Amino acid sequence: MHSSSLYFFLLVGISAVFAAPAEETAAQPKCPPSSIETHLLSNGKKYFFHADWSNFDKAKNFCQRNNGRLPILDTREDLDVVHAKAGKISGVAWWVDASDEGREPGQYRWANGKELPLNSSLWFKQAKQPNSFGPGKRSCVTFST
């Protein structure tokens, strides 16, 4: 069983992870300074972990107000690195910046536009995820520790 796989939830009470690049690159400019404490992880990115968010919109707005964004964990490396740190903080689900908002149900994309297909190895297949999407529902994505 893969312990660091994405879980799928409709807007339920979970937590937020805030992401910001540690170093500036041409493709990924450094975020402005923030007053919140971040953790530099081995993938070269900084993250803020907060275990007290009730929905995707509140988590995303908090990140934007603090010059960051919800994390895009579109590689196994990023997911594994963040999962390891989050697991030391709390055994809850954490918001990431992926959803099917504005698209057909089940057509997930990361905020960077990269597709998160239903057959991706990042989904937690043992729990048959994703499993709760359909017409008229905005489905946002989390990972669980």
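Based on what the data block shows, is VAL17 crowded, with 16+ Cβ neighbours inside 10 Å and at pLDDT 90 or above?
Numbers: crowded, with 16+ Cβ neighbours inside 10 Å: yes; at pLDDT 90 or above: no.
No: the conditions fail for VAL17.
Which residue, of TRP94, TRP110, TRP123, is under 28 Å from THR38 (Cβ atoms), in contact (Cβ under 8 Å) with a residue 24 or more places away in the chain and touching a helix residue (DSSP H, G or I) at 6+ places or on another chain (Cβ under 7 Å)? Talk me through it step by step, then tell me what you get.
Details: TRP110 fails: touching a helix residue (DSSP H, G or I) at 6+ places or on another chain (Cβ under 7 Å); TRP123 fails: touching a helix residue (DSSP H, G or I) at 6+ places or on another chain (Cβ under 7 Å).
Selected residue: TRP94, the only one of TRP94, TRP110, TRP123 that is under 28 Å from THR38 (Cβ atoms), in contact (Cβ under 8 Å) with a residue 24 or more places away in the chain and touching a helix residue (DSSP H, G or I) at 6+ places or on another chain (Cβ under 7 Å).
Hey, among the residues in region 69-93 that are within 17 Å of LYS45 (Cα to Cα) and of a type in the set (A, V, I, L, M, F, W, C), which one's surrounded by the fewest Cβ atoms within 10 Å (Cβ to Cβ)?
ALA84
Which numbered condition in (1) part of a helix (DSSP H, G or I); (2) in contact with a Pro (Cβ under 8 Å, 6 or more places away or on another chain) is the only one that HIS83 fails?
(2)
How many residues does region 33-77 hold that are farther than 21 Å from SER139 by Cβ, not in a loop (DSSP other than H, G, I, E, B) and not basic (Lys, Arg)?
9
Being hydrophobic (A, V, I, L, M, F, W, C), modelled with pLDDT of 75 or more and in a loop (DSSP other than H, G, I, E, B) is the filter here, so list the residues in region 117-136 that pass it.
Scanning region 117-136 gives LEU118, LEU122, PHE124.
The values are calculated or read from the model by the stated rules, or taken from the named source; none is laboratory data. Note that the structure is predicted; figures quoted are calculated from it, not measured. Don't worry about glycine lacking a Cβ; one is built from the backbone with ideal geometry, like all the others, and counts go over all protein chains shown.
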